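Participant: A single structure is presented below for examination.
The values are calculated or read from the model by the stated rules, or taken from the named source; none is laboratory data. Just so we're clear, the structure is a prediction, and the values are computed from it rather than from any experiment. Cβ placement follows ideal geometry from the backbone for every residue including glycine, while neighbour counts extend to all protein chains displayed.
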Amino acid sequence: MKIAIGLPNAVPGTSGADLVEWSRRAEAAGFSSLGTIDRIAYGNYEPTIALAAAAAVTERIGLATTVLLGPLRPNAAELAKRALSIDALSGGRFTLGIGIGGRDDDYEASGIETKRRGATLEAMLAAIREVWESERIGPEASPGLLVGGGVEQSFERAARYGDGWIAGGSGPDVFADSAAKVGEAWAAAGRDGSPRLAGLAYFSMGESAEAQASRYLGDYYAWLGEDLSAMIADSAAKDAETVSGYLSAYEAAGCDELFFFPSSSDPEQVDLLAAAAGLG
């Protein structure tokens, strides 16, 4: 299983210099990919812009939106062109992870209704594939495409349009159950081979690990209520033993690539996670 790391693009106080240094360190440390979190009604860097900056200062590491909220970018052709552009600029390293999202305030801020967002995403996926099949920028093939979500319709969309599926941070047990359903949808759609499966977990390392996880994840997930946001913060890997446990559990569940997302924008977090994960 590949070990990937998220950019701190949604961690409050992150600077452009932090993102650049984080990207360089992640590549040097041997992580497989850089991921991004997407929001509209939050103080984060837009994912494709953050990854374009990362592409400019790296040469090997993969770049992925994990995930981008598709219906909030209603111009599917423009999004498809943007993805082709990042893929070409990076030498074929980009994967478009795309999903619906669960926050009403992101849709309200965008002036978009939530009631038809599933149908909107399906139409977008078809349009993106059409653009990718008809256009190229440079010699690279089309970007990778992962569809996110934890319901049956998401698994079916991944099977119809994607190269695979990506989970939210729901834990390895839920991942394993969902991955099996993705495989069933893949077979039912008549797809050859196996879907690419990716997962997501949180981490916070060092002396301030508890405080950082509580502060960031407590704020980011405050909309779920104090008890649940505290549970998510508590689940963040804060030592090598927990990191190893997540790696073993996700690999056993069939995960191909696990993204660890940070609670701090300090680039030293990259090195601490790499050491905990046994990279290098």
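Participant: State whether the residues of segment 10-21 include one that is in contact with a Lys or Arg (Cβ under 7 Å, 6 or more places away or on another chain), within 28 Å of Arg117 (Cα to Cα) and touching a residue at least 60 places away in the same chain (Cβ under 8 Å).
Facilitator: Yes, the conditions are met somewhere in segment 10-21.
Participant: Then there is this: Among the residues of segment 1-18 satisfying the criterion of being surrounded by 24 or more Cβ atoms within 10 Å (Cβ to Cβ) and out of contact with any Leu (no Cβ under 6 Å at 6 or more places or on another chain), which is farthest from Gly92 (Cα to Cα)?
Facilitator: Here the residue is Val11.
Participant: Looking at this structure, is Glu152 surrounded by fewer than 23 Cβ atoms within 10 Å (Cβ to Cβ) and either under 24 Å from Ala249 (Cβ atoms) or polar (S, T, N, Q) (or both)?
Facilitator: yes
Participant: Filtering segment 1-13 down to residues that are in a loop (DSSP other than H, G, I, E, B) and closer than 16 Å to Ser265 by Cα, which residue is farthest from the chain's Cα centre (by Cα)?
Facilitator: Per the stated criteria, the residue is Gly13.
Participant: Filtering segment 247-272 down to residues that are among the hydroxyl-bearing types (Ser, Thr, Tyr) and out of contact with any Gly (no Cβ under 9 Å at 6 or more places or on another chain), which residue is surrounded by the most Cβ atoms within 10 Å (Cβ to Cβ)?
Facilitator: Ser263
Participant: Give the number of residues within segment 122-144 that are in contact with a Gly (Cβ under 9 Å, 6 or more places away or on another chain) and at pLDDT 90 or above.
Facilitator: Summing the residues that are in contact with a Gly (Cβ under 9 Å, 6 or more places away or on another chain) and at pLDDT 90 or above in segment 122-144 gives 5.
Participant: Give segment 250-271 a look and list any residue that's of a type outside the set (Ser, Thr, Tyr) and in a loop (DSSP other than H, G, I, E, B), or say none.
Facilitator: Selection gives Ala253, Gly254, Cys255, Asp256, Pro262, Asp266, Pro267.
Participant: Same structure, new question: Against the condition surrounded by fewer than 22 Cβ atoms within 10 Å (Cβ to Cβ) and either closer than 29 Å to Asp177 by Cα or at pLDDT below 95 (or both), how does Ala64 come out, does it pass?
Facilitator: The answer is no for Ala64.
Rundown of residues vs (1) touching a helix residue (DSSP H, G or I) at 6+ places or on another chain (Cβ under 9 Å); (2) closer than 23 Å to Ala28 by Cβ; (3) of a type in the set (Phe, Trp, Tyr), yes/no style:
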| site | (1), (2), (3) |
| --- | --- |
| Ala213 | yes, no, no |
| Leu217 | yes, no, no |
| Tyr221 | yes, no, yes |
| Ala230 | yes, no, no |
| Ala253 | yes, no, no |
| Ser265 | yes, yes, no |
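Participant: Kindly provide the set of residues from segment 19-51 that are among the hydroxyl-bearing types (Ser, Thr, Tyr) and surrounded by 16 or more Cβ atoms within 10 Å (Cβ to Cβ), ordered by number.
Facilitator: Within segment 19-51, Ser23, Ser32, Ser33, Thr36, Tyr45, Thr48 meet the criteria.
Participant: For Trp132, indicate whether it is more than 16 Å from Ala188 (Cα to Cα), surrounded by 17 or more Cβ atoms within 10 Å (Cβ to Cβ) and of a type in the set (Phe, Trp, Tyr).
Facilitator: In short, yes.
Participant: Next question. Do any residues in segment 123-150 that are hydroxyl-bearing (Ser, Thr, Tyr) have Cβ atoms under 8 Å from those of residues that are surrounded by 15 or more Cβ atoms within 10 Å (Cβ to Cβ) and not in a loop (DSSP other than H, G, I, E, B), where the two are at least six apart or on different chains, and which pairs are they?
Facilitator: Listed by first residue and then by second, the contacts come to Ser142/Leu84; Ser142/Asp87; Ser142/Trp132.
Participant: Something else: Residues that are under 28 Å from Ala127 (Cβ atoms): find the helices (runs of 4 or more DSSP H) completely inside segment 14-112 holding 1 or more of those.
Facilitator: Ranges flagged: 47-56, 76-89, 104-110.
Participant: Just for segment 101-120: of the residues that are surrounded by 15 or more Cβ atoms within 10 Å (Cβ to Cβ) and either small (Gly, Ala, Ser) or in contact with a strand residue (DSSP E or B) (Cβ under 7 Å, 6 or more places away or on another chain) (or both), which one is modelled with the lowest pLDDT?
Facilitator: Residue satisfying both the conditions and the ranking: Gly101.
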